[in-house]
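Worksheet: the structure to be examined is printed underneath.
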Amino acid sequence: MVDIPESLLRRSAEAKAKALGVPVEQVLAEMKGEGPAVEVPQAEIVEEAPFPDEQSRSEPPAEQVDDPVEEAPPSTEEVVEEVVAASPSSDDEAFPSAAAEVEERGPVAVEDKPEDSPTAEDHGTDNAKVAGLVSPRPSVPPTGLPDGVRTQRLLTVVKARAIQDVKPEPQDKVNTWPHLMLVEFGALLAITALLVIMAVVIHSPLLDPANFNATPNPSKAPWYFLGLQELLSYFDPQIAGVTVPTIVGIIGFMMVPFVDRNPSTRPSDRKFAILLYSIFISGAATLTILGVLFRGRGFNFSYPWKDGIFFDDLKDWVDFE
Amino acid sequence: MANRNGKTGLRDRIKETNDKLWSSQVVGAILRPGSPFKQGYSDSPRNRSYVVMNNVLYHLHPVKVKRHAVKLSYTLCLGGLSFFLFIHLTITGIFLMFYYTPTAELAYVNIQELSTDIAFGSLVRNMHRWGAHLMVLSVFLHMSRVFYHGAYKPPREFNWVIGVVLLFLTLLLSFSGYLLPWDQLALWAVTVGTNMAGFVPVVGDQVKFVLLADVEVSAAGLLRFYVLHVLFFPFIIVIFMSIHFWRVRKDGGISGPL
C-alpha cells in the first residue's frame, strides 16, 4: 500500500474526530497504529474503494460490504448516486459535478460533509487521489452523532496513473535516409575502390594447363580449407576431414544459440562464450597460417624466409620482389 | 529568360530544357514521390521517409533506424560488405561468362585470352578473384562480430542458423569457382578439397561423385563445377540471403539490443 501523505491523513482524522466528538490527536494516533482504538459507535463499512479505472469498469472488483442492506456490489455510478442520495443537506449543484468528476478521472475522494458540500476538485491532489468511500446510512443514522453528520475513512491512496501503458516508450531513432544509407554508400565505394586497387596491383595466378600426370609439390587446397588440410596431416582423415568440419563447423555453429542459454549480451557476463570463440578463431587462424606459409615440399614444415612461400594464390604477389 | 539583348541565352535554354525534362511525365513516372532526383525535392522528414518507403529499398530498410544502430563502429558494415561483394561478384561474373567455355579444351585458353587480349578482362578477372576471397573473409568476420555482440540470442537464433548456412554456401561458391581456370593450381586444389569430402563416412564416395560427376576431377567435373558455380549455388544463396535480410527486420533491426 502506498504511504499516505500526512496532510491527507490529518484531514481524514479531523473529519473523523469531528464526527465522533473526540480529539483529533487521538484519532490520528489510532490511524497511525500508535494509540488505542477509538470507540466507534457503530462499525463502519467499506474495505475497498469501489472506483475502478476506465479499463476495469466493466467488471468492478468485488467489494466487501458488511451492511446487510447492500448485498450486491454497486457499480461506480451507483455508488456515486448513493453518495448523492445519502446527503440530505447536500447542494444539488455540487454533487452531480462530483459524479461527473468520478466518471472522467477515475478514483477521487468523495467526501460527505454536512453543510458546505464541496466539489471533488477540492479533495483531489495533483499526483495522488484519494479513493475513499463514505459510509452512508441513509436509513439508519448512527447513534450518538448529530443529524446529517457523516463520517469518512481513508482507505487507500491511488496514484493517478493508467493501469496499462497506452503509448510506447519513445526511442531514439533517425531517418534511414540519409543517416544509414550514406554510410552504406560510403562502404560500397570503399570496397569497390579496394577491389579495383587490388585487381590492378595483384594479378590472379594462372599456372600451366591442368595436367593429370604432373602432381605439383606441394598440393594445397584453397586457403580457407588449408586449416583443414593442416588438421588432416595430424589426425586420421575420418576425424579431421569429416568430424571436425561437419560436426563442429556446421552443426556446432548452428546449435550455438540453442546451447548458449545465457540471456545477457554484456561481455562481462559471457566470458566463457567469448573465450571459447576466441580459442576457435585463433586456432583456425594458426592452422591456416601454418598451412599457407609454413608448409613446403611434401607438405612438410618449412620456413618461408628460408625456403620460400608455397602459396600459388598469391604467386604474382610473392614473385613481385 | 531573355538576356540584355532580348535574346534567350544558351545557359537559359539548357536550364529550361533541363527543367522540362525532369518535370516531364516520363521522368515523373519513373521516379516515385519523394525521390531526391525529382524536381523540387526538399529535405524534409516527410521526403526522407518517402525516399525509403517509395523505393525498393523499403524491402531492406525501415524508414527509421535506432540511432546507435547506424554507428559504423558497431557493425563495421560487415554484413553489408558481404552483400556488396556478392553483387560485385555477380556483375564481374556475368562479364567473365561471356568469354568462358567450360570445356577442358577451351577453359584454360579462355582464361589466357581474358588475361591478355580482352579489354578489361584482366582487371575484371582479378576483381572477381579477390572479391571472392574478400567475401569469404567478410562473411567470417561478420559471423565473429555477431558472436562477440551476442546478437544470435533470442529472438534472433534462427537468423544465426541461416547465417551459418550462408557461410557454408559462400565457401562452396568460392570452392566451385576455384576449378574453372583449369590450370594446375585449380586442378590440384580441387583434388585435395574433394578428397576431403571423400572422407565423409558412409556417403563420402557418393558426395564426391555428385560433386565431380566422376571418381576423379575430369572434364565432366569441370562442367558440373561451372553449373554449380554460376547457377545452382547463387540461386540457393539468394534464397537464403532473402530470408536472412527479412529476418533481420522482423527480429528487430540491423543491430543492437531489442
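The values are calculated or read from the model by the stated rules, or taken from the named source; none is laboratory data. Keep in mind the model is a prediction, meaning the values are calculated, not measured. In this analysis, Cβ positions are derived from the backbone assuming ideal geometry, glycine residues included, and neighbour counts consider all displayed protein chains. Accessible surface is based on the protein model in full, side chains and every heavy atom, while ligands, DNA and RNA are left aside. Shrake-Rupley method; radii C 1.70, N 1.55, O 1.52, S 1.80 Å.
Touching a residue at least 40 places away in the same chain (Cβ under 8 Å) and not in a helix (DSSP H, G or I): is that true of B:Leu180 in this structure? Spell out how you get there, then give the answer.
Working: touching a residue at least 40 places away in the same chain (Cβ under 8 Å): yes; not in a helix (DSSP H, G or I): yes.
So B:Leu180 fits the description; yes.
Taking the criterion of being outside any helix (DSSP H, G or I), assigned by TED's automatic domain parsing to the domain that holds A:Phe253 and among the basic types (Lys, Arg), would at least one residue in segment A:292-307 satisfy it?
Checking segment A:292-307: at least one residue is outside any helix (DSSP H, G or I), assigned by TED's automatic domain parsing to the domain that holds A:Phe253 and among the basic types (Lys, Arg).
Which residue pairs have Cβ atoms closer than 8 Å, lie 6 or more positions apart in sequence or on different chains, and pair a first residue in segment A:263-274 that is facing chain B (nearest Cβ under 9 Å) with a second residue that is surrounded by 10 or more Cβ atoms within 10 Å (Cβ to Cβ) and among the hydrophobic types (A, V, I, L, M, F, W, C)?
Cβ pairs passing all conditions: A:Thr265/B:Ala151; A:Pro267/A:Ile274; A:Ala273/B:Phe147.
Going by the structure shown, is B:Gly150 touching a His at 6+ places or on another chain (Cβ under 9 Å) and within 8 Å of another protein chain (Cβ to nearest Cβ)?
Numbers: touching a His at 6+ places or on another chain (Cβ under 9 Å): no; within 8 Å of another protein chain (Cβ to nearest Cβ): yes.
When the stated conditions are applied, B:Gly150 does not pass them.
Can you confirm whether B:Thr90 is touching a residue at least 40 places away in the same chain (Cβ under 8 Å), open to solvent by 30 Å² or more (accessible area, probe 1.4 Å) and either of a type in the set (D, E, K, R) or more than 10 Å from chain A (Cβ to nearest Cβ) (or both)? Give the derivation first.
Values: touching a residue at least 40 places away in the same chain (Cβ under 8 Å): yes; open to solvent by 30 Å² or more (accessible area, probe 1.4 Å): yes; either of a type in the set (D, E, K, R) or more than 10 Å from chain A (Cβ to nearest Cβ) (or both): yes.
In short, yes.
Quickly run through segment B:66-87 and pick out the residues that are open to solvent by less than 40 Å² (accessible area, probe 1.4 Å) and β-branched (Val, Ile, Thr).
Result: B:Val70, B:Thr75.
Assess whether A:Phe253 counts as being touching a strand residue (DSSP E or B) at 6+ places or on another chain (Cβ under 8 Å) and within 12 Å of chain B (Cβ to nearest Cβ). Write out each step before concluding.
Working: touching a strand residue (DSSP E or B) at 6+ places or on another chain (Cβ under 8 Å): no; within 12 Å of chain B (Cβ to nearest Cβ): yes.
Against the criterion (touching a strand residue (DSSP E or B) at 6+ places or on another chain (Cβ under 8 Å) and within 12 Å of chain B (Cβ to nearest Cβ)), A:Phe253 does not qualify.
Would you pick out the residues in segment B:25-65 that are surrounded by 12 or more Cβ atoms within 10 Å (Cβ to Cβ) and more than 14 Å from chain A (Cβ to nearest Cβ)?
Those that are surrounded by 12 or more Cβ atoms within 10 Å (Cβ to Cβ) and more than 14 Å from chain A (Cβ to nearest Cβ): B:Val27, B:Gly28, B:Leu31, B:Gln39.
Residue under question is A:Phe272, and the condition is that it be exposed (fewer than 14 other Cβ atoms within 10 Å of the Cβ), in contact with a helix residue (DSSP H, G or I) (Cβ under 7 Å, 6 or more places away or on another chain) and in a helix (DSSP H, G or I); does it hold?
Working: exposed (fewer than 14 other Cβ atoms within 10 Å of the Cβ): yes; in contact with a helix residue (DSSP H, G or I) (Cβ under 7 Å, 6 or more places away or on another chain): no; in a helix (DSSP H, G or I): yes.
Spelling it out, it is not the case that A:Phe272 is exposed (fewer than 14 other Cβ atoms within 10 Å of the Cβ), in contact with a helix residue (DSSP H, G or I) (Cβ under 7 Å, 6 or more places away or on another chain) and in a helix (DSSP H, G or I).
Taking the options A:Leu231, A:Leu189, name whichever one is farther than 21 Å from B:Ser176 by Cα, open to solvent by less than 50 Å² (accessible area, probe 1.4 Å), within 48 Å of the chain's Cα centre (by Cα) and more than 7 Å from chain B (Cβ to nearest Cβ). Even if it seems obvious, please write down each step before you answer.
Numbers: A:Leu189 fails: open to solvent by less than 50 Å² (accessible area, probe 1.4 Å).
Residue meeting the stated conditions: A:Leu231.
Looking only at segment B:113-135, decide whether some residue is crowded, with 22+ Cβ neighbours inside 10 Å and more than 11 Å from chain A (Cβ to nearest Cβ).
no
Consider segment B:174-217. How many of its residues are open to solvent by 40 Å² or more (accessible area, probe 1.4 Å) and touching a Pro at 6+ places or on another chain (Cβ under 7 Å)?
Residues in segment B:174-217 being open to solvent by 40 Å² or more (accessible area, probe 1.4 Å) and touching a Pro at 6+ places or on another chain (Cβ under 7 Å): 1 in total.
From the list B:Ser176, B:Ser144, B:Ser122, exactly one residue is in contact with a His (Cβ under 6 Å, 6 or more places away or on another chain) and at negative phi. Which is it?
Answer to the check: B:Ser176.
Being outside the structural domain of A:Gly283 (by TED's automatic domain parsing) and within 24 Å of A:Phe301 (Cβ to Cβ) is true for just one of A:Pro222, A:Pro205. Which residue is that?
Values: A:Pro222 fails: outside the structural domain of A:Gly283 (by TED's automatic domain parsing).
Answer to the selection: A:Pro205.
Considering only segment B:248-256, I want to know if a residue exists there that is open to solvent by 20 Å² or more (accessible area, probe 1.4 Å), away from every other protein chain (no Cβ under 11 Å) and in contact with a His (Cβ under 9 Å, 6 or more places away or on another chain).
Yes.
Pull up segment A:215-228, narrow it to residues that are under 23 Å from B:Leu180 (Cβ atoms) and more than 7 Å from chain B (Cβ to nearest Cβ), then point me to the one that is least open to solvent (accessible area, probe 1.4 Å).
Let us first name the residues in segment A:215-228 that are under 23 Å from B:Leu180 (Cβ atoms), namely A:215-216, A:218-226, A:228.
Of the ones still in play, those that are also more than 7 Å from chain B (Cβ to nearest Cβ) are A:218, A:223, A:226.
Numbers: A:Pro218: 20, A:Trp223: 54, A:Leu226: 0 Å².
In this case the residue turns out to be A:Leu226.
Consider segment A:265-321. How many of its residues are basic (Lys, Arg) and more than 55 Å from the chain's Cα centre (by Cα)?
So in segment A:265-321, the residues basic (Lys, Arg) come out as A:266, A:270-271, A:295, A:297, A:306, A:315.
So of that shortlist, the ones also more than 55 Å from the chain's Cα centre (by Cα) come out as A:297, A:306, A:315.
Selection size over segment A:265-321: 3.
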